Amino acid sequence: MHPRTHRGRYDTEAQRDVLRTAASPPRLPTHQDRTVVRAVQPGDQGEGGEAGMNDEQHSPIQLLTPQGERVKNAEYDRYVDGITADDLRGLHRDMVLTRRFDAEATALQRQGELGLWAPLLGQEAAQIGSGRALRDDDYVFPSYREHGVAWVRGVDPTNLLGMFRGVNNGGWDPHSNNFHLYTIVIGSQTLHATGYAMGVAKDGADSAVIAYFGDGASSQGDVAESFTFAAVHDAPVVFFCQNNQWAISAPTEKQTRVPLYQRARGFGFPGVRVDGNDVLACLAVTRSALERARRGEGPTLVEAFTYRMGAHTTSDDPTKYRRDEEREAWEAKDPILRLKTYLEREGHADEAFFEALEAESEALGKRVREGVRNMPDPDDMAIFENVYADGHSLVDEERAQFTAYQASFAGSREA
């Protein structure tokens, strides 16, 4: 089961195709396809590509193949040994509902209800797996695409949309779910996470912090500074990089000469590459990194190797910079289809489960759609509040000018 394609418009044909994956599953890849990414040929190293990217040493940690087969891993199996059939169904439900919410938001933007949207299509396993590894007392610092992590932290989906509709500056209390507001400035949340983690350690708490960012943000100086301080101070923070291979239109090989997870070595802490389309592997690897942080052993860089199936945002057209063949190869590694196949093979879910989830998905889409359209307009004067603690004459002057400007439209509206 997948959420069926919504009647609204989507960024690309790729989004419509992926949402129909379960109904018309693509060819499953062969064993040789498992770790193949955008082909990096020997001559590509001189262009700045990830040399040896497809070598066995850089193969991501994987517990569930694209064909839905469970594979053993001596180091990470223990982190998912206790997982039950209910847990697996829950992970599948999380990914399906997150995808449906994301598709609904994309459609709403295309219908003029949102100013912008940053889709997560294809990255559900990385977010749900890592999100479910967290404890309630852990703290999350997201960027602006972590809709799946927000879901597992209990943030109401409609609250995510207020900022993209322009009616608030973030529609939830960060402390109620230990989930910080979305951060638009690329990479700055890693500094916030590192500082918070250093404070946690000084307070003597055994909770951990996780910072989400993308491959593009890994080129920002803020991220390098965060790595330095986290390593030197053994901060209990996990740096979770969702490498979806495109920083808008810049491919990863134009940003780094080595796999991203290896960057941690230069700062003195471990890095690990995980199959970002394998929800079990993401769960296990993140649990391991969080436990290490809680033991006082410092940070870990997790590179979730995944793929952005849709656009960077709804203002972007990915067909202008990437090939259809690349997208089609990753469609065969769809994270939701992968777990669905495993559930069916192991007898952990029947048709009734998938039908009920389909109905729940439809209900979520309706709730999100109605919730967005019924959001009240913001107070025009709210932008002048809380600028200074004690007020300021310049702000008062600007408020008066804006009030007069708004009033100038009253006559034209009445006419």
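Qualifying trypsin sites (Lys or Arg not before Pro) in the stretch 307-415, where qualification requires a DSSP coil assignment and no more than 15 other C-beta atoms within 10 Å, comprise 323. Candidates 209, 189, 268 compared by Cα position along the dipole of the stretch 162-294: farthest toward the positive end lies 268, with charges placed on Cβ. Placing +1 on the Cβ of every Lys and Arg and -1 on the Cβ of every Asp and Glu, with no other charges, gives the stretch 273-351 a dipole of roughly 480 debye about its Cα centre.
For residue 387, neighbours were defined as the other residues whose beta-carbon sits under 11 Å from its Cβ, and their charges (Lys and Arg +1, Asp and Glu -1) total -3. Grab the beta carbon distance between residue 328 and residue 70, set R0 = 22 Å, and tell me the FRET efficiency rounded to 0.05. In this case the efficiency is close to 0.30. On the basis of the beta-carbon distance and an R0 of 41 Å, residue 87 and residue 380 show a calculated FRET efficiency of 0.30. Here the chain is treated with +1 on each Lys and Arg Cβ and -1 on each Asp and Glu Cβ, and its dipole about the Cα centre works out to around 680 debye. Is the shape of the stretch 265-370 best called rounded, prolate or oblate, per the rule: a/c under 1.5 gives rounded, else a/b larger than b/c gives prolate, else oblate, with a ≥ b ≥ c the square roots of the Cα gyration tensor eigenvalues? Oblate is the answer for the stretch 265-370, as a/c is 1.5 or above yet b/c matches or exceeds a/b. Taking trypsin sites (Lys or Arg not before Pro) across the stretch 100-206, the ones in a DSSP loop with at most 14 further Cβ atoms lying within 10 angstrom of their Cβ are 135. Between amide H atoms placed 1.01 Å from N, distances below 5 Å from residue 273 occur with 61, 303, all of them 5 or more places distant or on a separate chain.
Normalised by the number of residues in the chain, the mean separation of alpha-carbon contacts (under 8 Å, six or more apart) gives a relative contact order of 24 percent. Computed from label points 7 Å out along Cα-Cβ, the spacing between residue 352 and residue 248 is 5.1 nm.
Taking a ≥ b ≥ c as the square roots of the eigenvalues of the Cα gyration tensor, the stretch 88-157 is prolate, since a/c reaches 1.5 or more and a/b is larger than b/c. Estimated at 0.36 nm per residue, the fully extended path between residue 370 and residue 315 surpasses their Cα-Cα distance by 17.5 nm. Take every pair of alpha-carbon atoms less than 8 Å apart whose residues are at least six positions apart; their mean separation over the length of the stretch 276-361 yields a relative contact order of 28 percent.
The overall shape of the stretch 298-346 is oblate: from the C-alpha gyration tensor, with semi-axes ordered a ≥ b ≥ c, the ratio a/c is 1.5 or greater and a/b is no larger than b/c. For the residues 83, 61, 210, a GNM of the chain with alpha-carbon springs under 10 Å puts the largest fluctuation on 83. Counted over the chain, the DSSP beta bridges are approximately 10% antiparallel.
Highest mobility in the GNM of the chain, judged by mean-square fluctuation with C-alpha springs under 10 Å and restricted to 232, 258, 279, is found for 232. Extension gain for the segment residue 360 to residue 234, taken as residue separation times 0.36 nm less the Cα-Cα distance, is 41.1 nm to one decimal. Highest mobility in the GNM of the chain, judged by mean-square fluctuation with C-alpha springs under 10 Å and restricted to 276, 214, 266, is found for 266. Here is how the number arises for the chain: DSSP H runs of 4 or more residues each give -39500 (n - 2.57), the sum is divided by the residue count, and the result at 222 nm is -13000 deg cm²/dmol.
Read the figures in this text as sums done on the coordinates, not as results from a lab. Quantities reported herein were computed from a predicted structural model and do not represent experimental measurements. Neighbour counts are summed over all protein chains in view; Cβ atoms, including those assigned to glycine, are modelled from backbone coordinates with ideal geometry.
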